[in-house]
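Okay, so here's the structure we're looking at.
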Amino acid sequence: MPSAAEISRILKSVHTIAMVGASDKPGRDSHHVMLFLQNKGYRVIPVNPALAGATLLGETVYACLRDIPVPVDMVDIFRRPDAAPDIVDDAIAIGAGVVWMQLEVIHEQAARKALDAGLKVVMDRCPKIEITRLGL
């Protein structure tokens, strides 16, 4: 697990975040986190096959990471842990620099694969909570 200093460096270095599992339901955590991150100046691109082609908080929703037509710095995983390996494969394929697994999203093999491919990994954390905790 990265230190607070490393998490701070990650959050200061990324600009474009792909949020896998973004929801259009305002009561869902992913919706709150996406809006929070946008308000902090990040571009957050929602990924959700059920909403592909729609607009969510001003951004086009994509079915999968590989469909996103712009470079992505960080992939934020808002899915069950068993989805992490395939998402990590896609994150590696698109050249993302960071894989961030949300609270309770823990998958050691997926994390190891990402690390072995040169990506930074944060697991079982929420960027909204970390930004607030670190005062970023």
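Among residues that are outside any strand (DSSP E or B) and either in contact with a helix residue (DSSP H, G or I) (Cβ under 6 Å, 6 or more places away or on another chain) or not basic (Lys, Arg) (or both), Pro46 is not included. Scanning the stretch 97-121 for residues that are in contact with a Leu (Cβ under 7 Å, 6 or more places away or on another chain) and not in a strand (DSSP E or B) turns up just one, Gly97.
Yes or no, residue by residue, for (1) under 20 Å from Asp29 (Cα atoms); (2) of a type outside the set (S, T, N, Q); (3) out of contact with any Ser or Thr (no Cβ under 6 Å at 6 or more places or on another chain):
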{"residue": "Thr55", "(1), (2), (3)": "yes, no, yes"}
{"residue": "Cys64", "(1), (2), (3)": "yes, yes, yes"}
{"residue": "Val70", "(1), (2), (3)": "no, yes, yes"}
{"residue": "Ala83", "(1), (2), (3)": "yes, yes, yes"}
{"residue": "Ile94", "(1), (2), (3)": "no, yes, yes"}
{"residue": "Val99", "(1), (2), (3)": "yes, yes, yes"}
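Filtered by the rule that a residue be out of contact with any Asp or Glu (no Cβ under 8 Å at 6 or more places or on another chain), of a type in the set (D, E, K, R) and free of Cβ contacts under 8 Å to residues at least 60 places away in the same chain, the stretch 108-132 gives Glu108, Arg112, Asp116.
Selection of the stretch 5-16 for residues being free of Cβ contacts under 8 Å to residues at least 60 places away in the same chain, touching a strand residue (DSSP E or B) at 6+ places or on another chain (Cβ under 8 Å) and either among the aliphatic types (A, V, I, L, M) or over 20 Å from Ala91 (Cβ atoms) (or both) yields an empty set.
Please verify whether the stretch 23-44 includes one or more residues that are among the aliphatic types (A, V, I, L, M), within 13 Å of the chain's Cα centre (by Cα), closer than 23 Å to Gln109 by Cα and surrounded by 15 or more Cβ atoms within 10 Å (Cβ to Cβ). Scanning the stretch 23-44 turns up no residue that is among the aliphatic types (A, V, I, L, M), within 13 Å of the chain's Cα centre (by Cα), closer than 23 Å to Gln109 by Cα and surrounded by 15 or more Cβ atoms within 10 Å (Cβ to Cβ).
Here, each number is a calculation from the coordinates, and none is a lab measurement. Quantities reported herein were computed from a predicted structural model and do not represent experimental measurements. All Cβ positions, glycine included, derive from the backbone under ideal geometry; neighbour counts span all protein chains shown.
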